[in-house]
């Protein structure tokens, strides 16, 4: 009977140890997922903050002028506009 007690004790210890290590593995996996989600949340929060800053800037008269100049090629009255043409091939050399 003594041997049966030791076998049962060893079996219970093995089961408890296995369950403990499986729970530790689950906790580690969940912690990694939470960390990843937190990184995603922080990056999205930064992106939203940048968009809010852009909206605030483009709501001002300077921001509207910036959009008009960049996207629609508008210019201020009296301003000279230069159009540059790019030609293929080497540039002509100047004679010294």
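Please treat every number below as a calculation from the coordinates, not as lab data. Please read all numbers here as calculations on a predicted model, not as lab measurements. Neighbour counts are summed over all protein chains in view; Cβ atoms, including those assigned to glycine, are modelled from backbone coordinates with ideal geometry.
Would you confirm whether or not region 62-74 contains a residue that is over 26 Å from the mean Cα position of the chain (by Cα) and not in a helix (DSSP H, G or I)? The answer is yes, given that some residue of region 62-74 is over 26 Å from the mean Cα position of the chain (by Cα) and not in a helix (DSSP H, G or I). In region 9-20, the count of residues that are without any contact (Cβ under 8 Å) to a residue 40 or more places away in the chain, part of a helix (DSSP H, G or I) and touching a helix residue (DSSP H, G or I) at 6+ places or on another chain (Cβ under 8 Å) is zero.
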